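The values are calculated or read from the model by the stated rules, or taken from the named source; none is laboratory data. Remember, it's a predicted structure, so these values are computed and weren't measured experimentally. Note: ideal-geometry Cβ built from the backbone for every residue, glycine included; neighbour counts use all protein chains shown. These accessible areas exclude ligands, DNA and RNA; they are computed on the full protein's heavy atoms, side chains included. Shrake-Rupley method; radii C 1.70, N 1.55, O 1.52, S 1.80 Å.
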Amino acid sequence: MNFNNNKNLPCISSYIDGKFLKYNPLEKGEIISPESNETIAYFSSLSRKDVENCYRKADNAFNSWKLLNPTVRIKYIEKFNKHLEENIETIALAISKCIAKPINAAREEVVRSINMINDLIIEYQNSFINPIIFDEESSGIKNKKGIWKYVPLGVVLAIAPFNYPLNLLISKIIPALLTGNTVVFKSSTQTLTIGYLVIQCFEKINLPNGVINFVVGNGIDLGDALIENEKIKLLNFTGGTETGKYLASHLPFQAIKVLELGGLDPCIVTKNNNKGQIIDIAKEIVKGAFTFSGQRCTAIKRVILIKENKEYNKQLVKEIVNQSTKLIVGSSYSDAFITALVDKKAVERVKKLYQNAVKKGAEPLLEFKNYNNVVHPIILDNVTEKMQIYSTEAFGPILPIIYAEDVLDAIRIANDTDYGLQASIFTNKESEFNQIANLIESGSVNWNKSSSRGPDVFPFIGIKNSGYNVQGIYYSLFTTVRLKGFIENKK
Ligand code: G3H
């Protein structure tokens, strides 16, 4: 690491074509800890000219990387994974430091990423190395043999968000590299230290120059140079819907897009639940809503209850409030459940949504309360469509409760959003789950559990404004290749 400043803090610069660019103190930005408000690192942005150079180098490297024997590429990735394994604690501590993720969740993120790499290698070996053959034996074709190979696309641009700064980088970079693409990646500014640790692990394995490149800079500074480059053949982006839409609309015409965007995941509880289950259902809802202080695209962001189950609802809501007040609020290093939001802007956003809802008649069962960037869990009862929180993703610890006339109305409310990531339904009746799930507009629907992305082998899909294309172990590999036919013609 470069520590060229008097506070002995890391100074992060871009890594292009196998070299770190010179850190430029005149172009300096700083990263602030959400917990202590202190500076934790500095970074210098690269220029637009450097961005263009980066794509050129990545494109040059593609010519030979794509031709390597797959086993050679696998060996590189295995070596990289070893470096991650040796640095679990360092990376986990760095994750906690830059985004206040509870330390055990940060450790889990690193381990999950290591396991994901192992699964990707196995899936690559099983499903993408051997070509698909169409011949007499397979398809009855007499005078031709079609050998269809999975070939890489070219340069992949990977952009990861702050909330899973390692996992959502790995899920983009590793499939692309395994299948023979070269990569330009960008971490969110807040988590540049994680991108930096990742690129240092790559540096240690001596990948050919240009195969992996790390661009450092604010999206605003880099501007359209990052996205408007003809060499980009695939954009894999996780982040906010507006940014995702902007990037996708500025991509070169032939580039493929994989977008994982926001969510407003509904959770419907029907009358077909026993009183004895209230504690467990409340537990799932609280976990779904408040894990990592609600900063997950898959968090439960709306609870929808059916009006006629008055007594049951009352007890369930009481239990949700009861369990939420027991969540430990504190520091990431002490592994508190609720920790600081990523920055002051996030706190302001939650506060404004809270104030707007209360002004318009929502009943705060748990009020907005904060110290520094830490916001305690908030529960708003009787939320209606007049309130911003009804249709806005808060990305914070705020849970609205909405009442529907009946199950059909609950489905209408669940779908009354531009988002469509996941949903959860609590009912003891499988038939009821299936009926509702069929009508919910989302990538997946969870039965009696809160929404979540994993296990990583599952296809992960967002519809409407929640995303485009599919992720998951197999599909993340699949989106990085195209089929190319080698046709043998027989006489
Ligand atoms: O924030 C988006 C993540 O992909 C959600 O992942 O459901 O495992 O928390 P998760």
- line: Checked segment 59-185 against the a/c 1.5 cut and the a/b vs b/c comparison, axes a ≥ b ≥ c from its Cα gyration tensor; verdict prolate
- prompt: Can you list the aspartates and glutamates whose alpha carbon is less than 14 Å from that of Lys351, not counting same-chain residues fewer than 8 positions off?
  reply: Asp343, Glu367, Glu393
message: Rounded to the nearest 20 debye, what is the charge dipole size of the chain about its Cα centre when +1 sits on each Lys and Arg Cβ and -1 on each Asp and Glu Cβ?
response: 740
field: Charge-dipole axis of the chain as Lys and Arg at +1 and Asp and Glu at -1 on Cβ define it, positive-most pick from Ser14, Gly154, Ala94
entry: Gly154
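Rg to Rh ratio, segment 248-388, alpha-carbon atoms and Kirkwood radius? Let's see the in-between values first.
Working: Rg = 17.3 Å, Rh = 16.8 Å.
Over the Cα atoms of segment 248-388, Rg/Rh equals 1.03.
From the square roots a ≥ b ≥ c of the eigenvalues of the alpha-carbon gyration tensor of segment 258-328, which class results: rounded (a/c under 1.5), prolate (a/b over b/c), or oblate?
Values: a/c = 2.71, a/b = 1.52, b/c = 1.78.
Verdict is oblate for segment 258-328.
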query: Sorted by average packing, counted as other Cβ atoms within 10 angstrom per residue and highest first, what order do 281-292, 314-325, 167-178 take?
result: 167-178, 281-292, 314-325
query: From the square roots a ≥ b ≥ c of the eigenvalues of the alpha-carbon gyration tensor of segment 180-222, which class results: rounded (a/c under 1.5), prolate (a/b over b/c), or oblate?
result: oblate
task: Any chance you could list P(r) for segment 346-422, counting all Cα-Cα pairs in 5 angstrom bins from zero, rounded to whole %?
output: 3, 16, 26, 23, 17, 9, 3, 1, 0
statement: Longest principal axis of the chain (C-alpha) makes with the long axis of helix 430-439 (C-alpha) an angle, in degrees to the nearest 10, of 70
message: Could you order the peptides 235-241, 455-461 from most to least packed, using the average number of other C-beta atoms within 10 Å per residue?
response: 235-241, 455-461
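Can you pull the Kirkwood radius for segment 382-491, inverse mean 1/r over Cα pairs, to one decimal in Å? Write out the running numbers ahead of the final one.
Working: mean 1/r = 0.0605 Å⁻¹.
Here the Kirkwood hydrodynamic radius works out to 16.5 Å.
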Angle between the chain longest axis and helix 310-325 axis [Cα atoms, degrees, rounded to 10]: 60
Helix 103-127 axis, angle to the chain major axis (alpha carbon atoms, nearest 10°): 50
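List, in the order given, every pair from Lys101/Lys283; Lys326/Lys360; Lys245/Lys352; Lys145/Lys231 whose Cα-Cα distance in the structure shown is over 30 Å. Don't skip to the answer; put the middle values down first.
On the way: Lys101/Lys283 20 Å; Lys326/Lys360 28 Å; Lys245/Lys352 25 Å; Lys145/Lys231 33 Å.
Those over the limit are Lys145/Lys231.
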query: Could you give the semi-axes, largest first, of the ellipsoid that matches the chain, computed as the square roots of 5 times the alpha carbon gyration tensor eigenvalues and rounded to whole Å?
result: 40, 30, 19
message: How large is log10 of I(q)/I(0) for segment 171-300 at q = 0.10, 0.11, 0.13, 0.15 Å⁻¹ when the intensity is taken from the Debye formula with one equal scatterer per alpha-carbon?
response: -0.48, -0.56, -0.71, -0.85
task: Distance check, please: which entries in Lys75/Lys449; Lys186/Lys345; Lys144/Lys257 exceed 28 angstrom between their Cα atoms?
output: Lys75/Lys449; Lys144/Lys257
message: Need one value: the accessible area of Met116 in square angstrom, 1.4 angstrom probe, rounded to the nearest 10.
response: 10
